[in-house]
Amino acid sequence: MMLERSGAVQAFGLTVTSSAPVELTAAGGVLHGYVALKDTRPRVTLGGPLAQRLVAINIGGEELPLNAANGVITLPLPAGEVKFTLTTR
């Protein structure tokens, strides 16, 4: 799934809303992502049934827990080029 500019896209039970281009690929129970926003932190939120199964995000080897507020997860991404991995339960 790719969002080429800021906005929203929905596929496979996942809704992605982002302030920057974002790319997500699925492999088994893991989603691999990439986002690049040089000067500010990108705001990426995930919703839908698949988002409810996400439990952690790994950024640069550091695993952080994810919490859903009102069914939406906001990813804690830093500014710059970021590769991340989302783990499902």
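Each reported figure results from applying straightforward, stated rules to the coordinates on display, with no laboratory input. What you see is a predicted model, and the numbers here were worked out from it, not measured in a lab. Backbone-built Cβ (ideal geometry, glycine too); neighbour counts: all protein chains shown.
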Test for Ala36: is it closer than 18 Å to Thr87 by Cα and out of contact with any Leu (no Cβ under 8 Å at 6 or more places or on another chain): no
Per-region count, the range 15-43, residues over 11 Å from the mean Cα position of the chain (by Cα) and part of a strand (DSSP E or B): 5
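Inside the range 69-88, can you point out the residues that are closer than 20 Å to Gly28 by Cα and not β-branched (Val, Ile, Thr)?
Just the residues of the range 69-88 that are closer than 20 Å to Gly28 by Cα, to begin with: 83-88.
Passing the criteria: Lys83, Phe84, Leu86.
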Strands (runs of 3 or more DSSP E) contained in the range 44-87 and holding at least 1 residues closer than 13 Å to Val16 by Cβ and within 11 Å of the chain's Cα centre (by Cα): 44-47, 54-59, 72-74
